[in-house]
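*Asks:* Next up is a structure, given as structure tokens.
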Amino acid sequence: MTDSKYFTTTKKGEIFELKAELNSDKKEKKKEAVKKVIASMTVGKDVSALFPDVVNCMQTDNLELKKLVYLYLMNYAKSQPDMAIMAVNTFVKDCEDPNPLIRALAVRTMGCIRVDKITEYLCEPLRKCLKDEDPYVRKTAAVCVAKLHDINAQLVEDQGFLDTLKDLISDSNPMVTLSEIASLTAGTCLTALNECTDGGGQIFIPGLLANYTPQDDREGPEVSICERVTPRLSHANSAVVLSAVKVLMKFMEMLSKDLDYYGTLLKKLAPPLVTLLSAEPELQYVALRNINLIVQKRPEILKHEMKVFFVKYNDPIYVKLEKLDIMIRLASQANIAQVLAELKEYATEVDVDFVRKAVRAIGRCAIKVEQSAERCVSTLLDLIQTKVNYVVQEAIVVIKDIFRKYPNKYESVIATLCENLDSLDEPEARAAMIWIVGEYAERIDNADELLESFLEGFHDESTQVQLQLLTGIVKLFLKKPTETQELVQQVLSLATQDSDNPDLRDRGYIYWRLLSTDPVAAKEVVLAEKPLISEETDLIEPTLLDELICYIGTLASVYHKPPSAFVEGGRGVVHKSLPPRTASSESAESPETAPAGAPPGEQPDVIPAQGDLLGDLLNLDLGPPVSGPPLTTSSVQMGAVDLLGGGLDSLIGGTNFVAPPTAAVPASLGAPIGSGLSDLFDLTSGVGTLSGSYVAPKAVWLPAMKAKGLEISGTFTRQVGSISMDLQLTNKALQVMTDFAIQFNRNSFGLAPAAPLQVHAPLSPNQTVEISLPLSTVGSVMKMEPLNNLQVAVKNNIDVFYFSTLYPLHILFVEDGKMDRQMFLATWKDIPNENEAQFQIRDCPLNAEAASSKLQSSNIFTVAKRNVEGQDMLYQSLKLTNGIWVLAELRVQPGNPSCTVRLSLKCRAPEVSQHVYQAYETILKN
Amino acid sequence: MISQFFILSSKGDPLIYKDFRGDSGGRDVAELFYRKLTGLPGDESPVVMVTTGGRRHHDGRHFIHIRHSGLYLVVTTSENVSPFSLLELLSRLATLLGDYCGSLGEGTISRNVALVYELLDEVLDYGYVQTTSTEMLRNFIQTEAVVSKPFSLFDLSSVGLFGAETQQSKVAPSSAASRPVLSSRSDQSQKNEVFLDVVERLSVLIASNGSLLKVDVQGEIRLKSFLPSGSEMRIGLTEEFCVGKSELRGYGPGIRVDEVSFHSSVNLDEFESHRILRLQPPQGELTVMRYQLSDDLPSPLPFRLFPSVQWDRGSGRTTLEPKPRPVSLNVRLHLPLPRGVVSLSQELSSPEQKAELAEGALRWDLPRVQGGSQLSGLFQMDVPGPPGPPSHGLSTSAPPLGLGPASLSFELPRHTCSGLQVRFLRLAFRPCGNANPHKWVRHLSHSDAYVIRI
């Protein structure tokens, strides 16, 4: 007890000492004391007890001391809100200090103190500072608006700060404008690019440029933009270089390959990428990840630069592995000798991870470059001779792949492989070896002995090996039935009787039955001709690659995942794709394989412009050009840019900026920005309404009477690709409800809760909670009657309750439900006429455009439009989550007094038609 | 947009922690980072990491970091930002902190906590980069750096290179180049100094048959200026300097590089005609020019190495033959040996050399090598061969796995591999009533990866 007493006193002593020093008369001493306080704060000591003393030091004309105090305040104000109020007066006073540094300091700090109470005091000073004569203060105030918005968005709007911000855009000082982020529009960007020398600005502006996408598909502007961007390739800042690379990669997509300029660009892209590899390892790594993408898209850029990807012995391992990967991607007949020589060297290095990857790389070379296969195999054999355990195992795994690629070519090496049977201890290598023995059983004299040796420890093997062994022995039996009958029975009984693994058991039974009923069929099944393995197994899928190319220079390019996969909540995330290639350059390509936005020129008269703009907003495939500068639409698109919330970087990464390519005249530029800014802050709601489909009002699903006081009402929503069930739980009983859980019965579309039902606090009487329960469509499926019936069980601490509800089918309409025109025509013809269903929707006064755009927001896509005898015919497609396509023909008669819309639906599963029609009706009428 | 910035010591202790957005889970994020970093499997990259799972608060947080002078400089973000700009920002911050605190290190950072926070406040506001220019920041920074050792001119006798991180880091930075650029305004007079370094890193790859597989030189001209900002200076480079394959200048063979990039503040008006760079550098450190050259080097390689290995007895002779001109320092030959080698006997050609076994490799140190000489070392060791009949052992003539490649590390003072020299450094600035500013121009080449396969 005495001990602890001493302890607290000494501890107190320290604080007391600081307290005394803080209250000292001498400025120097005070300053030192505050510094000490801040130092202890950094190492995590609690010095909040000194709050009043430190705040007292604020009243000083010493700038250094003042800054220190502010620093302290920023850290502790949140935990001591009442104390922070004490400081407010000083803040307000400091905002009028003659020294601009102090004014800025006060505004900045006030914004950082995220205490609700302080915001009301903040407005007046902030307003003044936004109009301050000093640019530094103005800039600081501008950022402060963003901070305030995060605390209290409503306040920012009410106080009219947005308008003030708009005025600031025209500020003469570039530093302010930079902070004003919004000023970075494509128009000013191009010209600013050549003038901007400030370090910060240079990073950001070209990033914007990349998002700038031309609408005009004349050749002129593209070439001129490329020319303006190319000087940036030799910039000292790698972020700038990469942004420039991204721009050029995007524009190259639109240039014809036979153009001279295309070749020039290719040549210009290589040196900057090579230069990046001489940077520090961290940058190198990020650069290599990007180069990996670029090489997959356009290997021709770096095909002569193989040498720079040679691994240096002092590279960090992650750089080495990445280089190795790129070497393989660049490997071709021309350079394979060089690559192989390198890889062989790597395979003798010390680092085990690296050696394994190098051996694997040799195998990949063999598969990729056919002419080199023989040399690769002999290299691998050399490596096997070294008898180094992990090298041998790795080599056997890749040799298996080589056998699959070039069957009946290199079987002569099998003998060598068999020598190493005993040293294999990794499952993958054992499985590979067993596969080889089974596959070539007829050429290996002692195949049965070899396989039998594996059989001894059957139950200790991993599943992979067990499965392979089962198949291998069955193959052996089919090839040499006479000698191996015993063996096959042994393995079948091991697999079926003694194993707990259902996969193994099932496979065992299938073989058993096959063999016992029809050995000929068994032979056909087990020894069937295998498809050759593909060139490269780990290529990124083309559509994803195209999307990732648009994200060059962002985190997405490092992870090789689209941003939606890792950015929280998908805020400000839009899908990007490369602009469609021009028709001239890709004339050889068949129209089916052309990207979604078909070549411009044949489209505008068929597809309503309105629908497409909406389409652009939703899935942003930068479709056909829109004639004239689309001022109204660009304002909407600006709105989608999360300017202040997402910040500069999200501007770089996350958005597609569409604006006329020719530097717009200032007057016309003002309009989109202005409206853009006003959209700027209510972004989340804006995006929500834009991309979500129609949501029905909540209906009562489970009345309180039936559920011992629990009332459940709800509705279904679909937003940006995810379905959720919005529930409202009301406790109408007299006791507290807890322990909520929810379960669905099996249903037609496999709807299932994707997360547990989370009711955070107990639900007290007369309380209501709103919950959005995410749903997935991967649950088990059972056809229900009616089709869209969903049976739900909800449990709480009182009881379990059941109810059923009908969900509107449109929540199942997926975002990629747009069929290409040819496809549509072919499918329509292909589906038999008896599958066609006709419906009428009455009292629907919409015209074709309005209907189309309305339907599009619920993922019903207009494929084509036609006008026949005064009737607008819309051809539409949609896809359900389980992959069922529904094609529709919507007939709208604008002049028709009864406002009837006629709908015919064609679908391979006609039972959904009725429900699709209901979905149409709900969407169109709401 | 940046959520947090922190500096961790090499042991993972937080030295600086700054939260810009208030949307994070507090300072245990720093701990989380360190745990993640140390727990990473060998073949994964630590540069960019994302948190998944675990507590909701930290989900989807991306860590991007660099290591600098033993410290981890980390930023976190939760958006899809450009990792390049963040990495650039981090290295810029490292330079800035170096400029303001003298040098970057655990000691200097913890002595200057207040200053670092003040800097951070100006560089980043609410996670947005405001400015990183030393010049601009000077107007806002009030706190003075705490320097551990008073600076004295006598230290200049052993002036090291401030920027070059050589292989062994043997060249300790002298206190001249590692004092804060912007400290006490009082003794302005003392330090009218400019350091200009031409540093080249040489990577070479030589095949086992002696043919040259790859050579490349990465060069930098770095400037550290203690002069008041805005004083103009002119740097004259070798006049035969040409860029690209086609250009030819002067009568001689010319000094050729493949690619050059300049800092944006360099004025190139006189570059075309006279190879003169004009600039008005801000105080602090600046990379004026970067260049690279690959494949055909104008001068012969600085070293030739003739390794010969005999496997029957496990002995090898290595002969090192430096080229005539330069004196090289701190030469070290590093040769990984097969596993299990324990004993080593050696015959070296001079007493000041040293050879030892360390971490499964042979290390042969030559502190100073005179140009044009020939040095040789004979090493013998016993390799525990794979068990088996001896006849097998002899038939495999290939060296056992794990031997080589040999790598050399070295420094060549007063030598550039590309041949680029600084002809002159002229300052337009005349200090009022003071002696001429001191100018230090240094050239150095050092090895990046000089590898000879065996």
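Rule-based calculations on the coordinates, nothing more; no lab input. Predicted model only: the values in this text are computed from it and were never measured. Cβ atoms come from the backbone with ideal geometry, glycine included; neighbour counts cover every protein chain shown.
*Asks:* Given that compact globular proteins tend to follow 2.2 N^0.38 Å, what is the ratio of the alpha-carbon Rg of region B:4-138 to that value?
*Replies:* Cα-based Rg divided by the globular estimate yields 1.01.
*Asks:* Can you find, among A:917, A:905, A:855, the residue farthest towards the positive end of the dipole of region A:812-925? Put +1 on the C-beta of Lys and Arg, -1 on that of Asp and Glu.
*Replies:* It is A:855, whose Cα lies furthest towards the positive end.
*Asks:* Suppose a student asked you for the relative contact order of region B:4-138, using Cα pairs under 8 Å spaced at least 6 residues apart; what percent would you report?
*Replies:* 22
*Asks:* Using the 10 angstrom Cβ neighbour count as an exposure proxy, how do A:462, B:447 rank, fewest first?
*Replies:* Ranked by crowding around the Cβ, least crowded first: A:462, B:447.
*Asks:* Assign unit charges at the C-beta atoms only (+1 for Lys and Arg, -1 for Asp and Glu), then state the dipole size of region A:25-133 relative to its Cα centre in Debye, rounded to the nearest 20.
*Replies:* 300
*Asks:* Let me ask something else. Got a sec? How would A:739, B:99, B:365 order by Cβ neighbour count within 10 Å, fewest to most?
*Replies:* Starting with the residue having the fewest Cβ neighbours, the order is A:739, B:365, B:99.
*Asks:* Distance in nm between label sites at residue B:139 and residue B:10, each 7 Å beyond Cα in the beta-carbon direction?
*Replies:* Calculated label separation equals 4.0 nm.
*Asks:* Also: Hey, rough spin-label estimate for residue A:351 and residue A:462, points 7 angstrom out along Cα→Cβ, what's it come to in nanometres?
*Replies:* It works out to 2.3 nm between the two label points.
*Asks:* Within the set A:26/A:139; A:698/A:854; A:357/A:405, which residue pairs have Cα atoms separated by over 26 Å?
*Replies:* Beyond 26 Å between Cα atoms: A:26/A:139.
*Asks:* Which of the residue pairs A:36/A:128; A:268/A:320; A:307/B:439; A:307/A:368 have a Cα-Cα distance greater than 30 Å in the structure shown?
*Replies:* Correct reply: A:36/A:128; A:307/B:439.
*Asks:* Using alpha-carbon pairs under 8 Å, 6+ residues apart, how would you state the relative contact order of region A:699-807 in percent?
*Replies:* The value is 27 percent.
*Asks:* Normalised by the empirical 2.2 N^0.38 Å for globular proteins, what value does the Cα Rg of region A:816-926 take?
*Replies:* 0.98
*Asks:* How large are Rg and Dmax for region A:68-168 when only the alpha carbon atoms are used, in Å?
*Replies:* Spelled out, the Cα radius of gyration and Dmax of region A:68-168 are 12.5, 36 Å.
*Asks:* Output the relative contact order of region A:812-925, whole-number percent, from Cα pairs under 8 angstrom with separation of 6+ residues.
*Replies:* Worked out over region A:812-925, it gives 33 percent.
*Asks:* Ratio of region A:426-527's C-alpha Rg to 2.2 N^0.38 Å, to two decimals?
*Replies:* Working it through for region A:426-527, the quotient is 0.96.
*Asks:* Taking neighbour Cβ counts within 10 Å as the exposure measure, how do A:818, A:147 sort from fewest upward?
*Replies:* By the 10 Å Cβ count, ascending: A:818, A:147.
*Asks:* For region A:699-807, report the translational diffusion coefficient in µm²/s to the nearest whole number, using Stokes-Einstein at 20 °C, 1.002 mPa s, and a Kirkwood Rh over Cα pairs.
*Replies:* It comes out at roughly 151 µm²/s.
*Asks:* Please give, to one decimal in nm, the separation of the simple spin-label points placed at residue A:280 and residue A:834, each 7 Å out from Cα toward the Cβ.
*Replies:* Between residue A:280 and residue A:834, the label points sit 7.3 nm apart.
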